[in-house]
Amino acid sequence: MPDTAHSEMTLPAETSSAPICSVRQVMDWLEKAAAGAVKMTNTVPWDWSIVAPMLAKQDAAKLLELALQLPAGQTAQTLCVEAFRSLASADGARAWQQLERLGQGDMEREATAAVLTEWAASDPAAAARAATAFEGVASDVLAQIAAQWVTRDPQRALQWAQRLPGEAGESALQETVRHTISRPGALTDTARLRELLAAASTPAARQQMTAAIASELVLQDKEKAFRWMATLSESERAGAMMEVASMAGLTDPAATANEMSRMLASMDASHVDAGRMTESITTLAEAYAQVSTVSAMEWAAHLPESFRAEAVRTAMLSWSERDPVSAATWLSKQSPAAVRDQAVLAFASQVAAVDAPTALQWLMTLPASSEQQAMIMAINQPSGSAPDAGDASRF
């Protein structure tokens, strides 16, 4: 039914010089445009992103008919999507059926997303069933359905999210877990957390849930988060720690780094995904170096050997970019060792662009290696010259 109460509502003009029109007048103009009596131009004095929801509120069915008759373009798409959004708020199932009128393309994708998200607000289970049966629904739309459903039926929402494949499933599952544990008191109820993890249908789902819980918990109480992670299996603990490490810039990089060291020292290396852990440690090293460069370097130097070199390199790159003088001073006090060698390589690669002689002098203090030689050649390539020991060092 048309919303006659809003038929005389005035619309904001896009410019101060444009005429002020009522909703009814704009609908009349669209009827003429759909019939070809007036042309759709870029000079129309309305911001359709503002006007379309108001038109849909008055008569969504009529707006949809007009939008489908307009020439293809952004205006027709905006009006169509808003019409479907309004229709779905009244009857999601009927709006879903009407999507069959659209051909494949951007309009269909946007309208489908609008219908599903609006439908999920009133009947998330039905929206979830429709989304599951339709290929190509965006991951963020599935996550929004999960977010709506979990407020009504957490168990079924969780089961549905775990059945979704690939990235879509990950997004929906993370959203489901996030909303579940964001409820007041949820993270203080350890029994509830155990129950949540027990609901995981696969090891992969349990790992995702563990990471999601850790990321939420560490923002509220990092000490409690670390204590909770200590109760997990080694592989789950490693996954949770990697998630927390990736958030180090938002939490406390020093405390996270110390906890990471303790965890790695007590774990069986076979339970750690070396590639993902290296990425997490690199992120943590960079965040830590922004807070305390010396502490970050010392922390990196004492990591297990398989992660040490990349952490040292990352921390030194960050340090030498911000303060090459103090970085060079620190290097000059280090005894010859693998950690120093890695730090020197990182330092030289960072300062070479602004002071090639200094970078070369530092490189010459290293034992001969393929990496050292490659870097020397790269720095000398423009001139083809050898390093001159007499050049003045800036750092």
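The values are calculated or read from the model by the stated rules, or taken from the named source; none is laboratory data. These figures come from a predicted structure and were not determined experimentally. Virtual Cβ from ideal backbone geometry, glycine too; neighbours counted across all protein chains shown. When the accessible area is computed, the model is the full protein with side chains, heavy atoms only, and any ligands, DNA or RNA have been set aside. Shrake-Rupley method; radii C 1.70, N 1.55, O 1.52, S 1.80 Å.
Just to be sure before I move on: is A315 among the aliphatic types (A, V, I, L, M) and more than 30 Å from V351 (Cβ to Cβ) in the structure I sent?
Judged against the criteria, A315 is not a match.
Consider A126 carefully, then state whether it is assigned to a helix (DSSP H, G or I), touching a Phe, Trp or Tyr at 6+ places or on another chain (Cβ under 7 Å) and surrounded by fewer than 20 Cβ atoms within 10 Å (Cβ to Cβ).
On the way: assigned to a helix (DSSP H, G or I): yes; touching a Phe, Trp or Tyr at 6+ places or on another chain (Cβ under 7 Å): yes; surrounded by fewer than 20 Cβ atoms within 10 Å (Cβ to Cβ): yes.
Yes; evaluated as a whole, the condition is true for this residue.
If you go through the range 32-57 one residue at a time, how many are under 37 Å from the mean Cα position of the chain (by Cα) and part of a helix (DSSP H, G or I)?
Total meeting the criteria: 10.
Confirm whether E135 is open to solvent by 10 Å² or more (accessible area, probe 1.4 Å) and within 19 Å of E82 (Cβ to Cβ).
Values: open to solvent by 10 Å² or more (accessible area, probe 1.4 Å): yes; within 19 Å of E82 (Cβ to Cβ): no.
No.
Every residue, every condition in (1) in a loop (DSSP other than H, G, I, E, B); (2) over 18 Å from Q77 (Cα atoms); (3) open to solvent by 30 Å² or more (accessible area, probe 1.4 Å), yes or no:
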residue: L87; (1), (2), (3): no, no, yes
residue: A95; (1), (2), (3): no, no, no
residue: L99; (1), (2), (3): no, no, no
residue: A130; (1), (2), (3): no, yes, no
residue: A157; (1), (2), (3): no, yes, no
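Taking the range 101-116 as the search range and keeping residues that are in contact with an Asp or Glu (Cβ under 9 Å, 6 or more places away or on another chain) and part of a helix (DSSP H, G or I), which one is most open to solvent (accessible area, probe 1.4 Å)? Break it down into steps so the answer makes sense when it comes.
Our first condition is that a residue be in contact with an Asp or Glu (Cβ under 9 Å, 6 or more places away or on another chain); within the range 101-116, this holds for 102, 113-114.
Next, only the ones that are part of a helix (DSSP H, G or I) stay: 113-114.
Numbers: A113: 29, A114: 3 Å².
Among them, the one singled out is A113.
If you take just the helices (runs of 4 or more DSSP H) that sit entirely in the range 225-311, which of them hold at least 3 residues that are modelled with pLDDT of 90 or more, surrounded by 22 or more Cβ atoms within 10 Å (Cβ to Cβ) and over 24 Å from the mean Cα position of the chain (by Cα)? Give the derivation first.
Values: elements: 234-246, 253-266, 274-291, 293-301.
Here the list reads 293-301.
Enumerate the pairs (first residue in the range 369-392 and more than 11 Å from A356 (Cα to Cα) and open to solvent by 90 Å² or more (accessible area, probe 1.4 Å); second residue anywhere and aliphatic (A, V, I, L, M) and at pLDDT 50 or above) with beta-carbon separation below 8 Å, excluding pairs fewer than 6 apart on the same chain, so at least 6 apart or on different chains.
E371/L345; A389/M364
Looking at (1) at pLDDT 75 or above; (2) more than 19 Å from the chain's Cα centre (by Cα), can you tell me which one A161 breaks?
A161 satisfies every listed condition except (2).
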